[in-house]
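The structure appears below as structure tokens.
The values are calculated or read from the model by the stated rules, or taken from the named source; none is laboratory data. As the structure is a computational prediction, the values presented were derived from the model and not from experiment. Positions of Cβ are generated from backbone atoms using ideal geometry, with glycine treated the same way; all protein chains shown enter the neighbour counts. Note: accessible area is taken over every heavy atom of the protein model, side chains too, but ligands, DNA and RNA are not part of it. Shrake-Rupley method; radii C 1.70, N 1.55, O 1.52, S 1.80 Å.
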Amino acid sequence: MSTNPGSGLPETGKGGGARAVSRPWWLGLAVIALGGVCLYGSTSLAQSARYSSIGPGLFVTIAGGGLVILGVMLLVQIARGEQFEPQDAEDAAGDMKANPVALGTALVAVLLPIFTIETLGLPITAMLSFTLVARSFSSRKLLLDLVYGAILGTAAWFLFSGLGLQLGAFLPIAGF
């Protein structure tokens with residue numbers, strides 16, 4: 001079987017019977033599209049604020065621009081024929097399948113604030129989300145995870161309040 005010079009990939013379109021190499025173009029395009037959504041969303045946010053030279057729109061713009069750049073870089077790698085293969089990590093083999101229960105638990109942890117932050121407040125919502133994420137990473141120390149989440153959520157609420165950013169009441173369910 002012959003290969004394209006410089007790429008090491010089998011040639012396609014010639015009579016040699018080589019199969020075309022599947023390239024995940026959709027992945028690069030999806031990253032660019034996600035960046036575009038962020039950039040579009042940032043147009044409705046202030047890029048600067050009266051009390052600070054940095055507004056909330058700036059961070060969304062930076063994230064969107066970064067995603068577009070990374071998507072273009074990914075498309076360049078795909079065009080060059082880069083192979084994307086699972087790699088071993090410190091504590092996981094590259095050929096392991098994803099655990100759907102752990103993935104679902106992490107997804108619930110990400111979506112939880114959408115539904116609970118107004119009624120429960122940031123500290124309790126952060127506590128629950130932190131605990132769910134810890135559980136998805138196989139933590140079995142429920143009480144310790146709840147305490148860490150409560151500490152982090154409380155610290156975040158006070159930090160943001162100290163910066164003048166309103167995150168709602170501390171514990172709306174308790175009237176605070």
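Ranked from largest to smallest solvent-accessible area, with a 1.4 Å probe on the protein heavy atoms, L128, L112 come out as L128, L112. Scattering from the stretch 21-79 was approximated by placing one identical point on each alpha carbon and applying the Debye formula without solvent; log10 I(q)/I(0) at 0.16, 0.18, 0.28 1/Å stands at -0.53, -0.61, -0.98. Between S22 and I69, the FRET efficiency estimated from the beta carbon spacing at R0 = 22 angstrom works out to 0.35. Rg and Dmax over the alpha-carbon atoms of the stretch 100-174 stand at 12.6, 40 Å. With r defined as the distance between the Cβ atoms of F84 and F59 and R0 fixed at 35 Å, what FRET efficiency is calculated, to the nearest 0.05? The computed FRET efficiency comes out at 0.75. Modelled label positions at L146 and I114, each set 7 Å beyond Cα in the direction of Cβ, lie 2.7 nm from each other. Take A174, project a point 7 Å from its Cα along the Cβ direction, then tell me which residues of the stretch 104-138 have their backbone nitrogen under 13 Å from it. The answer is 120-125, whose backbone nitrogens lie closer than 13 Å to the label point.
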